[in-house]
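The values are calculated or read from the model by the stated rules, or taken from the named source; none is laboratory data. The shown structure was predicted, so the numbers you read here are calculated from the model rather than taken from an experiment. Please note: Cβ atoms are built from the backbone with ideal geometry, for glycine as well, and neighbour counts cover all protein chains shown. We work out accessible area using only protein heavy atoms, side chains counted, and drop any ligands, DNA or RNA first. Shrake-Rupley method; radii C 1.70, N 1.55, O 1.52, S 1.80 Å.
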Amino acid sequence: MKILVAEYASALGLGGTHELEGRAMLATLTKSFQRAGHEVLYPAGGASVGGGQSILINGRADFEGVLASSGAGAGLLIAPDGLQPHLLEVLERSTVNLGCPPGAAQLCADKLLCTRVLARAGVPVVEIVDRPDPVEKGCLRYVVKPRTGCGSEGVKITSFAKAGPEEIITRYHEGLHLSASFIVGDEGFLPLTINRQLIDFQGEGMSYQGSQVPYRTPRAGEIWQAAEKAAEALGLRGYAGIDFVVGGRPRVVDVNARPTTSIIGIARVMKEEIGDLIWRARFGGMPERVTVVGENIFRKGDL
């Protein structure tokens with residue numbers, strides 16, 4: 001089948017780590033789909049990724065044009081959370097969407113609404129704080145973060161929390177920063193790996209630096225139970241990832257309704273082809289489990 005893999009940051013040359021991570025994910029997926037026997041197309045603003053057929057574009061309008069008229073039998077989109085719902089709608093008007101539906105992507109992009117939906121479904125979450133208690137000021141720690149955004153950009157850890165109009169405040173919980181990567185199809189929920197996030201804490205800020213894939217933990221059962229429950233509550237499909245802080249219990253911090261950077265490490269340790277699994281989630285034939293051998297640690301600097 002002809003498959004479109006549309007990665008926004010690298011195609012538009014956004015620069016910085018978003019472009020580096022995006023290009024690495026694009027290369028990983030393109031080569032995996034090819035190994036699974038598919039023909040791959042992808043929009044690009046410059047050099048190719050060493051596989052597939054690039055479609056030269058210049059700007060967002062061209063990117064949307066490729067989504068709307070690639071001629072592919074199926075497509076997979078990776079885009080910033082705020083743009084993803086609209087771009088998925090464009091994609092679905094022309095081909096089969098191998099990822100999450102636009103409605104689920106819209107819900108996950110809004111960290112406030114997403115957290116509330118999960119809490120109502122009984123999924124442990126980091127609690128939203130509407131108004132920090134003045135009595136506790138300076139005694140407790142909070143996380144202030146953008147209501148919509150990717151990764152750890154704009155996230156602050158502070159005892160003196162004050163949110164702007166487009167920010168939310170959550171309780172800070174000590175624990176391991178892990179993520180769960182999985183695929184959801186009509187045939188069910190397929191766990192891939194639990195990963196340790198390599199995070200650099202500096203002052204009030206924090207930044208994602210890479211991942212250890214997989215991270216073997218005795219808490220895996222709890223994490224997968226929470227991840228599957230969250231996926232069902234949010235209507236996730238295709239490949240998705242959920243960030244957790246694991247202390248007294250695994251609490252959901254963020255939900256990514258799209259391929260995440262951990263896919264780079266997963267493709268290096270999993271015997272199955274990640275592209276083939278994503279395709280099977282939509283067209284049928286997903287396995288009950290995957291085989292993971294060894295471990296891969298990658299850092300953004302390596303990309």
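Given a cut-off of under 8 Å on Cα pairs at least six residues apart, what relative contact order in percent is computed for the range 109-219?
Values: 178 pairs, mean separation 22.4, N = 111.
With pairs under 8 Å counted, the relative contact order is 20 percent.
Round to the nearest 10 and report in Å² the accessible area of residue 86, as given by a 1.4 Å probe over the protein chains' heavy atoms.
Solvent-accessible area, nearest 10 Å²: 80 Å².
Give the distance, in whole Å, between the Cα centre of the range 37-88 and the Cα centre of the range 181-242.
25 Å
Loop by DSSP (not H, G, I, E, B), at most 10 other beta-carbon atoms within 10 Å: where is the longest site-free stretch of the chain for GluC sites (Glu not before Pro)?
Values: sites that count: 166, 174, 288.
The longest uninterrupted stretch comes out as 1-165.
At 1.4 Å probe size, with every protein chain present, just tell me what the per residue accessible area of the range 88-234 comes to in Å². Write down the numbers at each step before the final one.
Working: 7060 Å² over 147 residues.
Per residue, the range 88-234 has 48 Å² of solvent-accessible surface.
Can you put 276, 186 in order of accessible area, largest first, using a 1.4 Å probe?
Sorted by accessible area, descending: 186, 276.
If we restrict to alpha carbons, what Rg and Dmax does the range 56-149 come to, in Å?
18.4, 60
If the limit is 19 Å between Cα atoms, which of 156/300; 229/300; 111/145 go over it? Walk me through the numbers on the way to the answer.
Working: 156/300 21 Å; 229/300 30 Å; 111/145 9 Å.
Cα-Cα > 19 Å for 156/300; 229/300; rest within.
Could you give the DSSP H helices of the chain that reach 24 angstrom or more along their long axis (alpha carbon positions) and whose average Kyte-Doolittle hydropathy is no lower than -1.0? Working shown, then result.
Numbers: long enough: 16-35 (29 Å, -0.53).
Helix filter hits for the chain: 16-35.
Dividing the alpha-carbon radius of gyration of the range 258-303 by 2.2 N^0.38 Å (N being the number of residues), what value is obtained?
Values: Rg = 12.0 Å, N = 46, 2.2 N^0.38 = 9.4 Å.
The reported ratio for this selection is 1.28.
For 245, 117, give me the order by solvent-accessible area with a 1.4 Å probe, most accessible first, ignoring ligands, DNA and RNA. Don't jump to the answer; show the numbers that get you there.
Numbers: 245 5, 117 30 Å².
In descending accessible area the options line up as 117, 245.
What 222 nm value per residue comes from the helices of the chain, counting each DSSP H run with n ≥ 4 as -39,500 (n - 2.57) and dividing by all residues, nearest 500 deg cm²/dmol?
Working: 9 runs with 93 residues, N = 303.
Here the helix-only value at 222 nm equals -9000 deg cm²/dmol.
Under 19 Å Cα-Cα from residue 2, which lysines qualify once same-chain neighbours fewer than 8 residues away are excluded?
Of all the lysines, those that pass the test against residue 2 - Cα under 19 Å, at least 8 places apart if same chain - are 31.
Regarding the chain, what whole-number volume in Å³ per residue does the convex hull of its Cα atoms give?
Values: hull volume 38.1 nm³, N = 303.
Convex hull volume per residue, Cα atoms: 126 Å³.
Compute the relative contact order of the chain as a whole-number percentage, counting only Cα pairs closer than 8 Å that sit 6 or more residues apart in sequence.
Numbers: 656 pairs, mean separation 55.2, N = 303.
Contact order relative to length: 18 percent.
Accessible area of residue 116, 1.4 Å probe, to the nearest 10 Å²?
Using a 1.4 Å probe on the heavy atoms, I get roughly 110 Å².
Roll a 1.4 Å probe over the protein heavy atoms and report the accessible area of residue 111 in Å², nearest 10.
The accessible area comes out at roughly 20 Å².
So what's the net charge close to residue 10: Lys and Arg +1, Asp and Glu -1, counting the other residues with Cβ under 10 Å from its Cβ?
Working: positive: 23; negative: 7, 19, 21.
Cβ neighbours under 10 Å give a net charge of -2.
Which residue, 91, 113, 178, tops the fluctuation ranking in a GNM of the chain built on C-alpha contacts under 10 Å?
113
Under a Cβ-Cβ cut-off of 10 Å, what is the net charge of the residues other than residue 24 that fall near it, where Lys and Arg count +1 and Asp and Glu count -1?
Charge balance near residue 24 sits at -2.
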